[in-house]
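Taking it in order: structure first as structure tokens, then the write-up.
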Number of protein chains: 2
Amino acid sequence: MSQRVDARRLRIAMAQINATVGDFAGNLQKMLKAVNQAKALGADLVTFPELAICGYPPEDLLFKPRFIAETRRCLQKVVEASSGISIVVGFADTKEDIYNAAAIIHDGKLVGVYHKIFLPNYGVFDENRYFRAGDECPVYIIAGVGVGVNICEDIWYEAGPANIQAYSGAEVIVNISASPYYFGKRDAREKMIATRAADNVAIISYNNLVGGQDELVFDGGSLVLDEKGRLLARGKQFEEDLILADLDVEAVSQTRLQNPRWKKELVLGEEQEWQVTRATVSEAPFNTEKPPLSPMQVEMRSLPAEIYDALVLGTVDYVAKNGFKKVLIGLSGGIDSSLVAAIAVDGLGKPNVVGVTMPSRYSSPGSVSDAELLAKNLGIKLLTIPIEKVFQAYQDTLAEAFKGTKPNVAEENVQARIRGNILMALSNKFGWLVLTTGNKSEMATGYTTLYGDMAGGFAVIKDVPKTMVYELARYRNYLAEVELIPSSVIDKPPSAELRPGQKDIDTLPSYELLDPVLKAYVEEDKSVEQIIALGTDEEVVKRAARLVDDSEYKRRQAPPGIKITTRAFGRDRRLPITNRFKGW
Amino acid sequence: MSQRVDARRLRIAMAQINATVGDFAGNLQKMLKAVNQAKALGADLVTFPELAICGYPPEDLLFKPRFIAETRRCLQKVVEASSGISIVVGFADTKEDIYNAAAIIHDGKLVGVYHKIFLPNYGVFDENRYFRAGDECPVYIIAGVGVGVNICEDIWYEAGPANIQAYSGAEVIVNISASPYYFGKRDAREKMIATRAADNVAIISYNNLVGGQDELVFDGGSLVLDEKGRLLARGKQFEEDLILADLDVEAVSQTRLQNPRWKKELVLGEEQEWQVTRATVSEAPFNTEKPPLSPMQVEMRSLPAEIYDALVLGTVDYVAKNGFKKVLIGLSGGIDSSLVAAIAVDGLGKPNVVGVTMPSRYSSPGSVSDAELLAKNLGIKLLTIPIEKVFQAYQDTLAEAFKGTKPNVAEENVQARIRGNILMALSNKFGWLVLTTGNKSEMATGYTTLYGDMAGGFAVIKDVPKTMVYELARYRNYLAEVELIPSSVIDKPPSAELRPGQKDIDTLPSYELLDPVLKAYVEEDKSVEQIIALGTDEEVVKRAARLVDDSEYKRRQAPPGIKITTRAFGRDRRLPITNRFKGW
């Protein structure tokens, strides 16, 4: 009997997999591999992320009956592979409606299904569009331990399922998530989960998804925290991982016994609806593969390092999951395209990145030489395709229609669109995906040409403010220990080079002034008055707000790009184009 | 006392206005004008559509505190204008959260606020993103009549607020709506409201919004139905209107008295929370401006007529509300661009529509002559800008990069993108909005060039299947009683003319075969197997499904266009680009 108590430990394996939306065969393969690894490691329980079977977010694919049927079929395969182990895996369940669900599987049987209760319907999330909310908080007994399973958003609510489950006897809370990255979120998430663990005197294992999916990057960083909120293990960020942890459930019991408010709740299984009982208690010796870490011991990487890795993963996954091998980047000799090229090379390898420089009559000499130097530093192929002849042909062709008009943005945009056409021609001819190079400051202010520099399949740094572009370039050079991105690129004043002597600063405020204003206006919904009150020049604020408001139509036709801030352009921010309300 | 009973009539005016999102001043002006008209007509009550004060749908503008403050300020102006009349108007209410609300106003006072209970969060709707649902169904006494107010989706539920309000004493149900158009919806809507009226033995006034807003057209067609579900009045479709109706509330009482299930519910005001009492009963003589119509008497217009009007309104409103006067259309001599030009002329007038024909080496002679004939028929200016010189310059410029490759889609797309660049150059130079001309069959299959023929601000017929394009062209010619759109245009086989002798039929199945397959796959989520089972050739179905799946990335960068079907591309259909699940 005392041995039984000694054995109240649970060995858990969190499979932080990179699932792909709709790739049932591929996701299943990853899951079966992880199940086998977990068995080999003697785990009692292996967990997978939210909707791991079909990938997250599946969006309107959920309305296709065959998609749901495939999900079911795939779940059955996981059930069949569960002999001798327990599994928690996310899938889309259907009864009278569709549910965002977790299957609780044990030893060849589907023993229970949990339905997500809190459905996020803000920011990038549309879960009310698809799912009905669950209303039950069962506790399962896995290897003699009370386990409460819940899903992603559920854990963010203090009085949510984790709390109910803990008070119903769950000593371990298994949360499976698909939590999209933005910078700063990891910290907030870890603090929240630590609080939740300590408040509920429960061990929490938090199994996050990893990988890129269109605009989103899931950053992994799965966690195990003990009942005092101390970090036991953490998964890699931006990489697949299998995190093994031995949970000292006895310590939970002991702590609860010392706490008067827990006394009467401690009897396991009193109100639970399902029980998962194991045939044998795990015989594996108690140990943790990774020694317990206190939060202090964890190396918190710099912000640019984290963002850079997010951009690499987001790019690699967009390219590969959409069936491309090579990418094409227009290199202007500027910092944006240089950074995008470095990210692409880090993610895809030198042979898979092609640069093209497309000088015009207005290009500075540095435009070509800096692009050449960058390509040399990165070791990538560089094409040179001057646009002068085509530009001249446009000017001749448009001469009659434009007769009597002064050169304006029309002629500037023609050049940008010639480059867009050349990039797309190379893409169509050779099957290379075009990466665009516009940053968030440009996307916000519309300092970008629709069908010109915006032409391409994926906008890598679309959500990166220009000031952060500089930080990322410096970070990458710091890593390289050489000037991978030439200092001439970093130091030159930004310019679109679409007319003689043009500089961004002629049209826009300096990015140091502009970026905080854009953040306040775009990400924080601050009014112009509020931003001015923070001490920014009135003209700068009004100008910036006006540019943001007036560029909505451009953003609507922009390629997707990676979200790294609290509010990215895209599904995260849904504004009408037709809109007479002006923030300025 | 008996006179009091005789006077149990309510004169209602429904102001079917075209509100613009964010145009507080403009919307207020329309509302004050309607209030004054309603007073002059002796109305007891004037109603306005859902969210009429700020326009619908305001989307993420609702997150801007200044937007909400403006809504409040504007509502106050309406309250101040209400002396001697009652008003029901939609606005965004804020308490601890935001509500989709109706203000009940009487004689200078805001006497009550109703909060929408059923929030649509499917299709084009995202109301759970913004609003908290209400949970009260009050009944107001207006001019001695029990009135239940509810909002749009609320009336679609049999056991919804209308039912509760009717059983709590409401004899008149005022529903204010912003119901977006798709073909067939008007019929469904009228049948539903007639059923709701008869079931609840209540007169229902249904005040819909009218106007275009980005992808949506609100079609008006406001309704008044009596307690037997018979049509009393109907507002114009696709036009602003003020619909006056004298409601014989006594008839409701009488009918209810004869019905045992109503007996005990008849006492007015028993459980209501607010009362609106009028100082004087209306002295105006009982009459109805429009004689009551039975549904049979209403002219049901043909489907093409209805769709055509929707396209005209959607186009006019997109152009005007976004501050444009003139539009530019690339005329290929084909039926799509011809139809778009006719729609633009009907909506904006001849002087505001410019055509441009951009022949290439592959253009048929008819391409230019048909465009010329169409422009002559429509009375619009036509520019001719051949692309040969520019195309040759591209070929020379790309010769080295393309060395050793065979001509393929790359060269074809270069031509389409030259045209896109020329259209945008003219747009940028002269401030004309470019209307694109792709139809739904092309958007579905990706038979369209990104940044080429897809380049432009508004995609007029984006949701119109090719077979309907033909019907609309014939309808327009029928109206004109001449061949406004030349028969040579209607009769020629569709072709992109991007290589010698190219025809759509070389690449796509015939549109007669294709369109029903696309409808089943795109709008109805039918699987390939299900569509084949309906009797369509397997190869055609698989091919179509594959083309739809593989073109998602193009649609993501498409300009907005007018929804006319049950599921349009755009916010109505949200599929991931990165997606390994194939319907075929």
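Out of all the residues in region B:556-579, which are among the basic types (Lys, Arg) and within 11 Å of another protein chain (Cβ to nearest Cβ)?
Residues satisfying the conditions are B:Arg556, B:Arg567, B:Arg571, B:Arg573, B:Arg574.
Considering only residues of region A:192-235 that are over 20 Å from A:Leu45 (Cα atoms) and of a type in the set (Lys, Arg), which is least open to solvent (accessible area, probe 1.4 Å)?
It comes out as A:Arg196.
What is the residue count in region B:21-64 for residues that are more than 14 Å from chain A (Cβ to nearest Cβ) and outside any loop (DSSP other than H, G, I, E, B)?
13
Residue by residue through region A:497-537, note down the ones that are open to solvent by less than 80 Å² (accessible area, probe 1.4 Å), outside any loop (DSSP other than H, G, I, E, B) and of a type in the set (D, E, K, R).
Result: A:Asp504, A:Asp515, A:Glu523.
Being at pLDDT 70 or above and among the aromatic types (Phe, Trp, Tyr) is true for just one of B:Phe286, B:Phe324. Which residue is that?
Exactly one residue qualifies, and that residue is B:Phe324.
Suppose we filter region A:65-90 for residues that are of a type outside the set (Ser, Thr, Tyr), in contact with a strand residue (DSSP E or B) (Cβ under 6 Å, 6 or more places away or on another chain) and within 14 Å of chain B (Cβ to nearest Cβ); how many remain?
Summing the residues that are of a type outside the set (Ser, Thr, Tyr), in contact with a strand residue (DSSP E or B) (Cβ under 6 Å, 6 or more places away or on another chain) and within 14 Å of chain B (Cβ to nearest Cβ) in region A:65-90 gives 1.
Name the residue that is most open to solvent (accessible area, probe 1.4 Å), counting only residues in region A:79-111 that are among the polar types (S, T, N, Q) and within 21 Å of A:Val145 (Cβ to Cβ).
Step by step, filter region A:79-111, then rank; the result is A:Ser83.
Does A:Ala496 satisfy being away from chain B (no Cβ under 13 Å), over 24 Å from A:Tyr181 (Cβ atoms) and either within 30 Å of the chain's Cα centre (by Cα) or not acidic (Asp, Glu) (or both)?
So A:Ala496 passes the test.
Which residue is least open to solvent (accessible area, probe 1.4 Å), if the candidates are limited to region A:386-405 and must be in a helix (DSSP H, G or I) and of a type in the set (Gly, Ala, Ser)?
A:Ala393
Among the numbered criteria (1) out of contact with any helix residue (DSSP H, G or I) (no Cβ under 9 Å at 6 or more places or on another chain); (2) not in a loop (DSSP other than H, G, I, E, B), which single criterion is violated by A:Asn477?
(1)
Could you grab me the full set of residues in region A:511-534 that are under 19 Å from A:Thr467 (Cα atoms) and among the small types (Gly, Ala, Ser)?
Hit for region A:511-534 is A:Ala520, nothing else.
Please determine whether any residue of region A:419-436 is open to solvent by 40 Å² or more (accessible area, probe 1.4 Å), more than 9 Å from chain B (Cβ to nearest Cβ) and touching a strand residue (DSSP E or B) at 6+ places or on another chain (Cβ under 7 Å).
Scanning region A:419-436, I find at least one residue that is open to solvent by 40 Å² or more (accessible area, probe 1.4 Å), more than 9 Å from chain B (Cβ to nearest Cβ) and touching a strand residue (DSSP E or B) at 6+ places or on another chain (Cβ under 7 Å), so the answer is yes.
For region B:114-133, enumerate the residues that are outside any loop (DSSP other than H, G, I, E, B) and of a type outside the set (S, T, N, Q).
Hits for region B:114-133 are B:Tyr114, B:His115, B:Glu127, B:Arg129, B:Tyr130.
From A:Asp550, A:Asp491, grab the single residue that is surrounded by fewer than 18 Cβ atoms within 10 Å (Cβ to Cβ), within 30 Å of A:Ile387 (Cβ to Cβ) and within 14 Å of another protein chain (Cβ to nearest Cβ).
Checking each option against the conditions leaves just A:Asp550.
Determine whether region A:472-484 contains at least one residue that is touching a strand residue (DSSP E or B) at 6+ places or on another chain (Cβ under 7 Å) and either within 27 Å of A:Asp515 (Cα to Cα) or modelled with pLDDT of 95 or more (or both).
No, there is no match, as no residue in region A:472-484 is touching a strand residue (DSSP E or B) at 6+ places or on another chain (Cβ under 7 Å) and either within 27 Å of A:Asp515 (Cα to Cα) or modelled with pLDDT of 95 or more (or both).
Do we have B:Ser427 as under 20 Å from B:Gln415 (Cβ atoms), among the small types (Gly, Ala, Ser) and assigned to a helix (DSSP H, G or I) here?
Criteria met by B:Ser427.
Considering (1) open to solvent by less than 10 Å² (accessible area, probe 1.4 Å); (2) within 14 Å of chain B (Cβ to nearest Cβ); (3) within 30 Å of B:Arg574 (Cα to Cα), say which one A:Val541 fails and leave the rest.
The single condition A:Val541 does not satisfy is (3).
Which condition does A:Lys582 not pass, out of (1) over 29 Å from A:Leu433 (Cα atoms); (2) within 11 Å of another protein chain (Cβ to nearest Cβ); (3) buried (at least 17 other Cβ atoms within 10 Å of the Cβ), if it passes all the others?
(3)
Looking at the structure I just gave you, is B:Thr449 more than 11 Å from chain A (Cβ to nearest Cβ) and either of a type in the set (S, T, N, Q) or in contact with a His (Cβ under 8 Å, 6 or more places away or on another chain) (or both)?
Considered against the rule, which asks whether it is more than 11 Å from chain A (Cβ to nearest Cβ) and either of a type in the set (S, T, N, Q) or in contact with a His (Cβ under 8 Å, 6 or more places away or on another chain) (or both), B:Thr449 comes out as no.
Within region B:304-343, how many residues turn out to be away from chain A (no Cβ under 12 Å), open to solvent by 20 Å² or more (accessible area, probe 1.4 Å) and assigned to a loop (DSSP other than H, G, I, E, B)?
3
Kindly evaluate B:Asp199 against the criterion of being in contact (Cβ under 8 Å) with a residue 24 or more places away in the chain and within 25 Å of the chain's Cα centre (by Cα).
So B:Asp199 fails the test.
Kindly indicate which of B:Met468, B:Met443 is in a helix (DSSP H, G or I), more than 14 Å from chain A (Cβ to nearest Cβ) and under 25 Å from the mean Cα position of the chain (by Cα).
Answer to the check: B:Met468.
Mind checking whether some residue in region B:144-155 is open to solvent by 30 Å² or more (accessible area, probe 1.4 Å), away from every other protein chain (no Cβ under 14 Å) and not basic (Lys, Arg)?
no
Please determine, by comparing only the residues of region B:116-136 that are open to solvent by less than 30 Å² (accessible area, probe 1.4 Å) and more than 14 Å from chain A (Cβ to nearest Cβ), which one is modelled with the lowest pLDDT.
By that ranking, first place goes to B:Gly134.
Can you tell me which residue in region B:353-411 is nearest to the other protein chains (Cβ to nearest Cβ), limited to those that are under 18 Å from B:Gln502 (Cα atoms) and of a type in the set (Gly, Ala, Ser)?
B:Ala410
Cβ-Cβ distance below 7 Å, separation of 6 or more or different chains: which pairs start in region B:112-132 with a residue that is under 16 Å from B:Ala92 (Cα atoms) and end on one that is surrounded by fewer than 19 Cβ atoms within 10 Å (Cβ to Cβ) and hydroxyl-bearing (Ser, Thr, Tyr)?
Close Cβ pairs (under 7 Å, with a partner that is surrounded by fewer than 19 Cβ atoms within 10 Å (Cβ to Cβ) and hydroxyl-bearing (Ser, Thr, Tyr)) amount to B:Phe118/B:Tyr157; B:Arg129/A:Tyr122.
The values are calculated or read from the model by the stated rules, or taken from the named source; none is laboratory data. This one's a predicted model, so the numbers in the text were calculated from it and none came from an experiment. Every residue, glycine as well, gets a Cβ built from its backbone with ideal geometry; the counts of neighbours run over all protein chains shown. Note: areas computed on protein heavy atoms with side chains; ligands, DNA, RNA excluded. Shrake-Rupley method; radii C 1.70, N 1.55, O 1.52, S 1.80 Å.
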